[in-house]
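The values are calculated or read from the model by the stated rules, or taken from the named source; none is laboratory data. All of these numbers come straight from a predicted model, not from anything done at the bench. When we count neighbours, we look across all protein chains shown, and the Cβ atoms used for this are built from the backbone with ideal geometry, even at glycine.
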Amino acid sequence: MFSRCFEQRTRLSNSKPMEKSSIHRPDGFDRPNGRSDFEVAIICALAREFDAVCLLIDEFWNEYNDQFGKVQGNHNIYTTERLGTCNVVVVQLSDMGKAMAASAAASLRSSYPQVSLALLVGVCGAVPFRGSGPEMTTISLGDVIISDIVVQYDLGRVLTDRFVRKNTAHDDLRRPNKTIRNILASLGGSRVQDQIEQRAGIFLKHLQGKANTKASRNRRRSHANYQYPGAVNDRLFQPWYRHKHRSGSGCVICEGCLSDEDPACGESLKLSCEELGCDVSCLIPREHLQSTLDDPDSESPEGIFFHVGAIGSGDAVIRSGKRRDQIAAEASVIAFEMEGAGVWDELPCIVIKDVCDYADSHKNKGWQNYAAATAASVAKAVIEKYIAPATVSNSLQSSDSIDLGGRQDTQRGGGGTGGSAGGMQFNGSISGSKFVVGNHRSGGTTNIRFA
């Protein structure tokens, strides 16, 4: 009965669009008339990421039911909302991974065809040091990573003695479109960085206050804690130091774990460093955290910081310091997550994820709630600064699409697989009265002459 009613409501939503409202609200934030009024999407892989985003919503459009509907066969569950002046559709994935993200993004694009930018918001693991020498930058827990490119680091060949990543022009994900490149270029300036970080700090405090108020009125025993976990809990061990039972613990498997190839027991992965007695002398000291490390009662971070760089996307959870550093050196990535490569080929995408661990064997979930809240805050600050209603798709259409005999081909993804003109992807401009210049999705230039 429920499924039949649900399908009937979906068909009605598809066949009869909502009537345009003639009532204008005094605050200027009119209710969207339909799915075509949504141009920005936020995609989250975990429930805690979705919950953090929802705490920053200014207004929900479908508080009790989905009045906008979706196309038949679309299994996504959508939350429609207003963030500042922007109408946003939010999707929580049913599971992690690239395939799930790609499927959800494709369905999103079919039901919300005007979406021109997807923000993939959540948590990630990070490489603790970026670069080398005097220009080396430290990445800490709670820092935000914003993608300028996504690298599918687990696409390749497994040989007898090694893994070889496929990184030819045909295999790599393409660079972002012009609109996203302009946003990323702006984010590289110190003035804009300060503005985004300050606004994100304000949003984070609002989120934390709202969560505390909600928790005080909630009868459930447990609720998410979005407060800063403290620098004392930001621990970075040497890459070679394993998270396992120590000598004398009685664990036969961990007793025999003497090299990188030797396994540690599964039970040790569930225990904290304190429970296992991980040796603090193997911690890597970091100058910027030392002052707060000396104060165990410190509850406030130095501030929100974000880094723009390449993010590695794969279907495996990295829990090895040595493997982390090896991939980072080979693929030039500064963070790891599991959905970016899936969304990247379907929609123009920016990944905004906060560091909750160092992708080593000592990783745990202690920073995930704070990281999810901080990523959501930075995402809202980015939307506030760069995304205005009715301008995102117009900008993309003017710079990244052309008219082919009455049919419009718009770039769908960070150089992804959209387009319908014989498999070609056009993002060029008109070079003359009878010529159009564009790019194959596999690279190169094509000239088409119109009679």
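Some values worked out for this structure:
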read-out: Ser320 surrounded by fewer than 24 Cβ atoms within 10 Å (Cβ to Cβ), closer than 27 Å to Lys244 by Cβ and either among the basic types (Lys, Arg) or over 16 Å from the mean Cα position of the chain (by Cα) (or both); value: yes
read-out: Matching option when the condition is surrounded by fewer than 22 Cβ atoms within 10 Å (Cβ to Cβ) and modelled with pLDDT of 95 or more, among Ala106, Ala118; value: Ala106
read-out: Candidate set from the range 133-176 (those that are surrounded by fewer than 21 Cβ atoms within 10 Å (Cβ to Cβ) and among the hydroxyl-bearing types (Ser, Thr, Tyr)); member that is farthest from the chain's Cα centre (by Cα); value: Thr160
read-out: In the range 243-279, the residues that are in contact (Cβ under 8 Å) with a residue 24 or more places away in the chain and assigned to a helix (DSSP H, G or I); value: Ser268, Leu269, Cys273, Leu276
read-out: Residues that are under 20 Å from the mean Cα position of the chain (by Cα) and either over 18 Å from Ala371 (Cα atoms) or not assigned by TED's automatic domain parsing to the domain that holds Asp315 (or both), drawn from the range 41-83; value: Ala41, Asn76, Ile77, Tyr78, Thr79, Thr80, Glu81, Arg82, Leu83
read-out: Qualifying residues in the range 237-259 (those that are under 25 Å from Val127 (Cα atoms) and in contact with a Lys or Arg (Cβ under 6 Å, 6 or more places away or on another chain)) - the one surrounded by the most Cβ atoms within 10 Å (Cβ to Cβ); value: Pro239
